[in-house]
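Here, each number is a calculation from the coordinates, and none is a lab measurement. Since the structure is predicted, the reported quantities are computational estimates derived from the model, not experimental observations. Here the Cβ is made from the backbone with ideal geometry for all residues, glycine too, and neighbour counts use every protein chain on show.
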Amino acid sequence: MKRNERIKWIEGVHFKRIDPHRNGGMKYELLVDMVHRGPGGMLQTLKAGTQSNGADCVEDLCPEAFFSHDGFCVHPYWDDGTPISNWGASREYRHILRRNGFGGRSIIRHYGTFLFGGQRIKKECGWFFTYKAQRD
């Protein structure tokens, strides 16, 4: 696989739809482990069984993007314990969308997730800059 080549997310292979009424509002479940590589080689690992509610109030565009962003909303840290700010999590969401062909919408979604999402990230790690030390 080439460096910039992306996997094509396939429903039933990489993720599945689940009933949001029975799963606390979650609409999707990851069927495989997913590793997101961020700046400087930082890693975010999401295990099979991780759930996501997709995008709120707008069309779900890219499972890789919403699983990754929702993962940061639940646990706002990279695998090594480095905290991520709300701006950083929204930036990662934007980069994933852009890599998967949603350039124009990536900018709008970046600001939408930054302003209206990431409540735990904002509280635990900060809006623009992380103000907490690495998590043990």
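A few notes on this one:
- Over the chain, Cα pairs under 8 Å with separation of 6+ residues give a relative contact order of 19 percent.
- Dipole magnitude of the chain, debye to nearest 20 (Cβ charges: Lys/Arg +1, Asp/Glu -1, about Cα centre): 340 debye
- Each of 103, 31, 78 was placed along the dipole of the chain (beta-carbon charges, centred on the mean Cα), and the one lying farthest toward the positive end is 103.
- Shape of the chain, Cα gyration tensor, a/c cut at 1.5: rounded
- Projected label points at residue 26 and residue 119, each 7 Å from Cα along the beta carbon direction, are separated by 1.7 nanometres.
- Lysine pair count for the chain with Cα-Cα distance under 19 Å and sequence separation of 8 or more or different chains is 7.
- Under 13 Å from a label point set 7 Å out along the Cα-to-Cβ vector of residue 48, the amide N atoms of the stretch 8-27 belong to 12-16.
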